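The values are calculated or read from the model by the stated rules, or taken from the named source; none is laboratory data. All of these numbers come straight from a predicted model, not from anything done at the bench. Backbone-built Cβ (ideal geometry, glycine too); neighbour counts: all protein chains shown. Quick note on the areas: whole protein, heavy atoms, side chains included, nothing else; ligands and nucleic acids left out. Shrake-Rupley method; radii C 1.70, N 1.55, O 1.52, S 1.80 Å.
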Amino acid sequence: MADTPQAYLAHHRQRHLDELVEFLRIPSMSAPAESAGEVARAAEWVANKLQHIGAEHVAIMPTGGHPVVYADWLHAPDKPTYLIYGHFDVQPVDPVDLWHTPPFEPQILDDRIVARGATDDKGNMFLPIMAVEALLATTGRLPVNVKFFFEGQEEIGSPQLPAFVAAHRELLACDAVLNADSGQYSETEPAILVGLRGICSFELDVVGPDHDLHSGSFGGAVQNPLHAIVMLLDSMRAHDGRILVEGFYDDVVELTPAERQALARVPFDEDKYTAELGVDELFGEPGYAPWERTSIRPTLEINGLWGGFIGDGEKTVLPSEAHCKVSCRLVPNQDPDKVLAAIRAHIATHTPPGVRVTFREGHGTPAYVVPSDLPELAVARAVLTEVYGREPYDIRMGGSIPVTTLFSQVLGVHSIGFGFGLENERGHSPNEFFHLSGYNQGQRAWVLLLERLGA
Ligand code: BES
Ligand code: MN
Ligand code: MN
């Protein structure tokens, strides 16, 4: 007897896992310029896979930066059309010494698959591909129309996508986006993504004397750029976590007590949380619960800080330069350009004497909120309830996905998060992994989702 789609997935589990391993072996880091060829190779891998499962109009499309991969299956005339989104680029691997196994040599260890990109997002974007394969192979058709849209520049802020999406409105037109770059609350507790934070980022170059100085001969008479950058960064954030940049909170809308209460239904075990992170205690803005500080409140975080001598031993130097990379997470109603302007003004008034600061703006994207009455959200909720045996929590997640805002602004469509990653899977960190439980439940859930959306 022919397989059902779910039986097909079970019968092809090992081959699919082998394919995912092959996909994860491609070091498709979008940030380092020298990896661009590997991002292109990952695009080819994805396009080839989509071709094999029976998707049509498969195309690797140029963007001016890292490419996107498009494919579709549009033979369900009276059914809605969904755009399935994910990204095949990954974060850099440094500090590479902290990996227990090489980042691009995937390992299946107990209940997990370990590799850069395992959860964010290669493992997750592979789930709908397998689900579509299973449906096409066993039924010869799909319950809905599907367009695949996978990008290779999410982890650097999707710089070329505003122009690309605007130029391909018709190609990408759909009823809603199904976003495979999302997650669940735990291995046994599902979650519906109801919002993502926005982001804006910048870099500072702080320059003092025009060459490195002997710190004995000159220390005491000349401003040290490393001290200056530390003072400047310290002036931006109070020691309790409140942001001190004038105007930073101006447009932030406070949630009503009822909204806060609704989001507070999610259990939060502080001891488990601190133990998993290896910290003694938590930190952050007074007046807000830890989960609020990572979802409904904006932040400012130093991502990198460097300068001076960091080799072995001592070198008594007063360095000529210091540098940092900083990003802010934004909440609904905050405008990234306005926040960057406030930071620029803050720097102008808080730069210590004796140094010059260059401010370089990075990408910016506003927060994204999913309307709670989307019909697809109810379908996703029902599918997760069936797969996990309990109702999902509604969760606003602290990360950012620039293209979700673009889809809503440019295509006028909303994105339903349908991913199976967990926040403890070390995304962006050494030893990233994907729980095999999420990988297995996710395949099954994607088949059910497509079936229910077409019912
Ligand atoms: N998948 C994440 C975003 C995410 C994280 C969603 C946690 C839900 C929960 C995505 O790949 C990501 O890391 N985005 C970047 C975007 C940035 C570089 C513009 C981020 O949030 O830092
Ligand atoms: Mn991601
Ligand atoms: Mn990411």
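Values computed for the structure shown
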{"read-out": "Those helices (runs of 4 or more DSSP H) lying entirely in segment 243-362 with at least 3 residues at pLDDT below 95, within 16 Å of ligand 3 (Cβ to nearest atom) and not acidic (Asp, Glu)", "value": "none"}
{"read-out": "Segment 273-302: number of residues that are farther than 30 Å from residue 322 by Cα, without any contact (Cβ under 8 Å) to a residue 24 or more places away in the chain and surrounded by 12 or more Cβ atoms within 10 Å (Cβ to Cβ)", "value": "4"}
{"read-out": "Number of the condition not met by residue 439 [criteria: (1) part of a helix (DSSP H, G or I); (2) hydroxyl-bearing (Ser, Thr, Tyr); (3) within 16 Å of ligand 3 (Cβ to nearest atom)]", "value": "(3)"}
{"read-out": "Members of segment 72-92 found to be among the hydrophobic types (A, V, I, L, M, F, W, C), within 16 Å of ligand 3 (Cβ to nearest atom) and surrounded by fewer than 17 Cβ atoms within 10 Å (Cβ to Cβ), listed by number", "value": "none"}
{"read-out": "Test: residue in segment 354-377 that is crowded, with 17+ Cβ neighbours inside 10 Å, within 30 Å of residue 208 (Cβ to Cβ) and of a type in the set (Val, Ile, Thr)", "value": "yes"}
{"read-out": "From the options 158, 186, residue that is away from ligand 2 (no atom under 16 Å from the Cβ), in contact (Cβ under 8 Å) with a residue 60 or more places away in the chain and not hydrophobic (A, V, I, L, M, F, W, C)", "value": "186"}
{"read-out": "Residue match in segment 20-33 (condition: in contact with a His (Cβ under 9 Å, 6 or more places away or on another chain), surrounded by 13 or more Cβ atoms within 10 Å (Cβ to Cβ) and modelled with pLDDT of 95 or more)", "value": "yes"}
{"read-out": "Condition met for residue 439 (among the aromatic types (Phe, Trp, Tyr), surrounded by fewer than 20 Cβ atoms within 10 Å (Cβ to Cβ) and more than 10 Å from ligand 1 (Cβ to nearest atom))", "value": "no"}
{"read-out": "Restricting segment 17-31 to residues that are in contact (Cβ under 8 Å) with a residue 12 or more places away in the chain and out of contact with any helix residue (DSSP H, G or I) (no Cβ under 9 Å at 6 or more places or on another chain), the residue that is farthest from residue 113 (Cα to Cα)", "value": "25"}
{"read-out": "Residue among 63, 101 that alone is touching a strand residue (DSSP E or B) at 6+ places or on another chain (Cβ under 6 Å), closer than 23 Å to residue 35 by Cα and not in a strand (DSSP E or B)", "value": "101"}
{"read-out": "So residue 127, is it touching a Ser or Thr at 6+ places or on another chain (Cβ under 9 Å), open to solvent by less than 10 Å² (accessible area, probe 1.4 Å), away from ligand 3 (no atom under 16 Å from the Cβ) and in contact (Cβ under 8 Å) with a residue 24 or more places away in the chain", "value": "no"}
{"read-out": "Qualifying residue in segment 221-238 (condition: among the charged types (D, E, K, R) and modelled with pLDDT under 95)", "value": "no"}
{"read-out": "Boolean, residue 132 is modelled with pLDDT of 95 or more, more than 16 Å from ligand 1 (Cβ to nearest atom) and over 21 Å from the mean Cα position of the chain (by Cα)", "value": "yes"}
{"read-out": "Tabulated pairs, segment 390-415, first assigned to a strand (DSSP E or B), second of a type outside the set (A, V, I, L, M), C-beta under 6 angstrom, 6+ apart or interchain", "value": "393/185; 396/195; 396/295; 415/179; 415/404; 415/407"}
{"read-out": "Set 14, 6: member being within 24 Å of residue 145 (Cβ to Cβ) and either touching a helix residue (DSSP H, G or I) at 6+ places or on another chain (Cβ under 7 Å) or open to solvent by 30 Å² or more (accessible area, probe 1.4 Å) (or both)", "value": "6"}
{"read-out": "Test: residue in segment 279-294 that is hydroxyl-bearing (Ser, Thr, Tyr) and within 30 Å of residue 205 (Cα to Cα)", "value": "yes"}
